[in-house]
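Input: a single structure, listed below in structure tokens.
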Amino acid sequence: MKYFVPTSNKNYSFSSCDSCEAKCCNGSYGTLFSQIILEDFTNFENFPILFTFGNLDFAKPVIMLTNGTNFCRYLKAMKCSIYDKRPQVCKNYPLSPNLDEKVYIDLSCPFVKEAEEKSDFIKINKQNYYFKNYKDLYLNTYFEFEKYKKKDFQKLFTLRDIDFYGYLKDDENQFIKMHQKSLVHLKDDYFKKVL
């Protein structure tokens, strides 16, 4: 399972993915979905975009990365076959932005090591627009869906005790429309095996 810690406490380096077993792309290892922001919605051409609801019942858009059992459908011979069009979460990995404005790193990645100095990989990513502005990007996403209530969504399935929802009513919101178009991915064999 993934184990994210803040990069502010220690220095870390990341080498490469060249000889990795792609655990970060493996549904049985724990990869299932990632919460997304508005800028991530353009990935509906490859992945289903759904919604979850937290304790406060506000709609959180997520991208389904695996079916919870298998590797990502786009992993071929342990390489990403849509590398240039992979989701932002995959581009950022093993780093992850957070609302607390810290950058986190996954210590379960076999190519992350403690180091004397922060690696260029971490320094460069911390300057990335996505990391520098994550709190604002997250809040923009929250406000975009603030008016949508849980009762307006339909539960599509439960996976690993997490309920995933779709908004199936007519709506003019461009992001809801992208979400609805992305649902076509749930109808193929990759997801039918587990849903």
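The values are calculated or read from the model by the stated rules, or taken from the named source; none is laboratory data. Predicted model, so just to flag it, every value in this text is computed and none were measured. Note: ideal-geometry Cβ built from the backbone for every residue, glycine included; neighbour counts use all protein chains shown. All accessible areas refer to the heavy atoms of the entire protein, side chains included, with ligands and DNA or RNA removed. Shrake-Rupley method; radii C 1.70, N 1.55, O 1.52, S 1.80 Å.
Exactly one condition in (1) modelled with pLDDT under 95; (2) farther than 15 Å from residue 64 by Cα; (3) part of a helix (DSSP H, G or I) is not met by residue 175; state its number.
Going through the list (1) modelled with pLDDT under 95; (2) farther than 15 Å from residue 64 by Cα; (3) part of a helix (DSSP H, G or I), residue 175 breaks only (1).
Would it be correct to say that residue 190 is in a strand (DSSP E or B) and in contact (Cβ under 8 Å) with a residue 60 or more places away in the chain?
In short, no.
Go through the residues of the range 34-54 one by one and say whether even a single one is over 22 Å from residue 181 (Cα atoms), open to solvent by 40 Å² or more (accessible area, probe 1.4 Å), out of contact with any Leu (no Cβ under 9 Å at 6 or more places or on another chain) and at pLDDT below 90.
The answer is no; no qualifying residue exists.
Could you look through the range 143-171, keep only residues that are assigned to a helix (DSSP H, G or I) and open to solvent by less than 80 Å² (accessible area, probe 1.4 Å), and pick out the one that is nearest to residue 56 (Cα to Cα)?
Result: 150.
Check off (1) within 24 Å of residue 32 (Cα to Cα); (2) open to solvent by 70 Å² or more (accessible area, probe 1.4 Å) for residue 174 and give me the number that stays unchecked.
(1)
For the structure I just gave you, tell me whether residue 158 is touching a helix residue (DSSP H, G or I) at 6+ places or on another chain (Cβ under 7 Å) and hydroxyl-bearing (Ser, Thr, Tyr).
No.
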